[in-house]
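Worksheet: the structure to be examined is printed underneath.
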Amino acid sequence: MHNGSCLCGAISFRLRSEPKAVTNCHCRMCQKQHGAAFATYASIPRADLEYLSGQELLTAYNSSGSIVRKFCSICGSNIEWSGSNEFADWVSIPLASLDTAFVPMNIEDIHLESGAPWLHANR
Ligand SMILES: [Zn+2]
Ligand SMILES: [Zn+2]
């Protein structure tokens, strides 16, 4: 059981099952939407995503094809990625929105062809 929320706290939710298929997505859309080098998403059956507060504050944006991204209309935090024809009953949640510790067994990097050129700059 995991809990998550947006930055302003208006939206909170619970995951009724363990997130699966964790990816670091380096596509341009995730980079733009998250303002980051990549977005880390995990997937659960939609029926296992339960909103505790603020569901009516979600704004939906159709980013490409059937894909729908939902974010908090107050603070802009990204909450849902869904609409894949292949996984119509599943929804992906940004791991960074979780407030409970979750360490996946493994993470797959995808869309590295558009990886941010500054990601591996010297620290
Ligand atoms: Zn918010
Ligand atoms: Zn992406």
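The values are calculated or read from the model by the stated rules, or taken from the named source; none is laboratory data. Because the structure is a prediction, the values reported are computed rather than measured. Cβ: placed from backbone, ideal geometry, glycine included. Neighbour counts: every protein chain shown. Heavy atoms of the whole protein, side chains included, go into the accessibility calculation; ligands, DNA and RNA do not. Shrake-Rupley method; radii C 1.70, N 1.55, O 1.52, S 1.80 Å.
Please find the FRET efficiency linking E50 to V103, where r is the Cβ-Cβ separation and R0 is fixed at 22 Å, and quote it to the nearest 0.05.
Working: r = 22 Å, r/R0 = 1.01.
It comes out at approximately 0.50.
Going by Cα centres, region 1-73 and region 90-123 are how many Å apart?
A separation of 13 Å, based on Cα centres.
Expressed as a whole percent, how much of the Cα-Cα distance distribution for region 2-112 exceeds 25 Å? Don't skip to the end; give the middle numbers.
Working: 741 of 6105 pairs.
Result for the distance tail: 12 percent.
Which semi-axes, in whole Å and largest first, does the equivalent ellipsoid of region 35-88 have when worked out from the alpha carbon gyration tensor as the square roots of 5 times its eigenvalues? Intermediate results must be reported in sequence, preceding the final value.
Numbers: eigenvalues 60, 49, 29 Å².
Output for region 35-88: semi-axes of 17, 16, 12 Å.
Rolling a 1.4 angstrom probe over the protein heavy atoms, how many square angstrom per residue are accessible across region 2-112?
Numbers: 5830 Å² over 111 residues.
That works out to 53 Å² per residue.
Quick check on the chain: helices-only [θ] at 222 nm, where DSSP H runs of length 4 and up contribute -39,500 (n - 2.57) each and the sum goes over total residues. Nearest 500, please.
Details: 1 runs with 7 residues, N = 123.
Using -39500 (n - 2.57) per qualifying helix, the result is -1500 deg cm²/dmol.
Express in nm, to one decimal, how much length is gained between L112 and E86 on full extension, taking 0.36 nm for each residue of separation and deducting their alpha carbon distance. Please list the in-between numbers first.
Working: separation 26, 0.36 × 26 = 9.36 nm, distance 2.14 nm.
Once the chain is fully extended between L112 and E86, it gains 7.2 nm.
Name the GluC sites (Glu not before Pro) in region 38-123 that are in a loop by DSSP and that have at most 10 other C-beta atoms within 10 Å, would you? Mind showing how you got there, number by number?
Values: sites: E50, E56, E80, E86, E108, E113; in loops: E86.
Taking region 38-123 and a limit of 10 other Cβ atoms within 10 Å, the loop GluC sites (Glu not before Pro) found are E86.
Taking R0 as 30 Å, what FRET efficiency do you get between A60 and L119 from their Cβ-Cβ distance, rounded to the nearest 0.05?
Values: r = 29 Å, r/R0 = 0.97.
The formula returns an efficiency of 0.55 here.
Counting Lys and Arg as +1 and Asp and Glu as -1, what is the net charge of the other residues whose Cβ lies under 14 Å from the Cβ of G35? Mind dumping the intermediate values first?
On the way: positive: R28, K32, R69; negative: none.
Result for the local shell: +3.
When the accessible area of the chain is computed with all protein chains present and a 1.4 Å probe, what percentage of it is carbon and sulfur? Mind showing how you got there, number by number?
Details: 3870 of 7090 Å².
C and S atoms contribute 55 percent here.
Going by accessible area, probe 1.4 Å, with all protein chains left in place, what is the ranking of H120, H34, largest first?
On the way: H120 160, H34 50 Å².
Per-residue accessible area, sorted high to low, gives H120, H34.
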